[in-house]
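Scroll down for the structure; my scribbles are underneath it.
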Amino acid sequence: MAGAGFHEPGGAEGMTADSLAKAPGALIRLGCALMGSGRGDQAHALLSGLLLAHPDDPELRSAVRVVMSHRIPHWHSAMLLDEARNAAFERAIARAAPNRVVLDIGTGSGLLALMAARAGASRVVACEAHPALAETARRIIERNGFADSITILGRLSTELDAREDLGGGAEVIIAEVFSDDLLNEGALATLHHARTRLAAPGARIIPARASVRFALARFDRAPDSLGDVRGFDLSEFERHLAPEIKLHVGGKELRLASEAADLFTFDFAGTEAFAPSRREVRVTGTEGPSNGLVQWIGLQLDEDVFHENRPEAGARSHWAALFHPFPDGCELAQGGSVTVHAAHDLERLQIWFSDLDGTG
């Protein structure tokens, strides 16, 4: 390692491992270039070697942390510490996994795969397309004593073969690949491929179903406006801003103003293909005034286990709730009604309003 020369972008051309250890800035540029180009396994090997050679160098340890977190979404830690999510998944996994072949899609840290192995799965295959995360998952699994029962494949689930990689097909498929609006991490395409190409006959899917949920709501904070920024009108830039406001589900600024309902529900264990869809529903406020709609997700993990990140005081979830304000600052009095329109193209969710009746 010490004599190897590295020819990579970012000013580290021709530098040896020893010289990189003494130049953290160049190491960071090289490591981030590797991580950003899908060669996280090379970055991991380089950094591991440097740490072994220089275990007591605090600046090097700091540089390694910068590189290994490059382009890794920040929600990973919040997700792993979401105890309600973890408990719900483990309940469903513990019932489904014993003596079955389990596939964990997008394993990340390997947590759900570890749950399946601990529950007595006959074999667990976990796929993770990010090379650095796949290597970290292998280390975590080995550290926890499950290296003999869990196999990590550094590939997308769509690159797996049911016969070669799963011995004929997975009897249980676990996929936690959901965004705040359920759709935009490619969940529908991933689960359609898994259930049609990777599942054994009669396979169980966790979650079995999922829904995009909503309710009218009152949000006590005005949406951001770019109409006056240091005396300049920047309102034209608002077209580039997301139409919704991302909220922590336990915040006190939001209060539900109607019963909760589902906009769309997706049956992952069914046989019908997913298709783009549109829906409109007339909703009446029943719990006080409202100035928009709040959207969250619900996961029916199995017949008995349901988990949602419903917004309410004191709730906690790594998923955010998304507040869609009524147009032009309109407010709906209690008893007023509005038509909610929704559409999705399998990857993106769109929500808008018409016919507000009872505005103030």
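Structure above, values below:
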read-out	value
Where the Cα pairs of the range 210-359 fall when distances are cut into 10 Å bins, in %	10, 37, 35, 15, 3, 0
Long-range HN-HN contacts of residue 204 with modeled amide H, under 5 Å	172, 173
Estimated vicinal HN-Hα couplings, Hz - the range 118-128 in sequence order (Karplus 6.51, -1.76, 1.60; Gly, Pro = x)	5, 7, x, 4, 6, 7, 10, 10, 10, 10, 8
Mean-position separation - Cα centroids, the range 80-130 and the range 27-71, in angstrom	29
Two-decimal ratio, the range 76-206, of alpha-carbon radius of gyration to 2.2 N^0.38 Å	0.95
Overall dimensions of the range 26-89 as given by Cα atoms, namely Rg and Dmax in Å	14.6, 44
Largest-first principal axis extents, alpha carbons of the range 267-356, Å	41, 34, 21
In degrees, nearest ten, helix 58-68 long axis to first principal axis of the chain (Cα)	60
C-alpha center-to-center spacing [the range 143-158, the range 205-239] in angstrom	39
Rounded to 10°, Cα long-axis angle of helix 83-96 versus longest principal axis of the chain	70
Evaluated at q = 0.13 Å⁻¹: base-10 log I(q)/I(0), Debye formula over Cα of the range 179-271	-0.69
For the chain, calculated [θ]222 nm from helices alone, where every DSSP H run of n ≥ 4 adds -39500 (n - 2.57)	-7500 deg cm²/dmol
Sparse-neighbourhood loop sites, trypsin sites (Lys or Arg not before Pro) in the range 204-306 - DSSP loop, at most 16 other Cβ within 10 angstrom	221, 230, 252
Given (1) 1.29; (2) 1.04; (3) 0.98, the label whose value is Rg/Rh (Cα atoms, Kirkwood Rh) derived from this model	(2)
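Throughout, read-outs are computed from the coordinates displayed, never taken from laboratory work. Remember, predicted model here, so these are calculated numbers, not experimental data. Cβ: placed from backbone, ideal geometry, glycine included. Neighbour counts: every protein chain shown.
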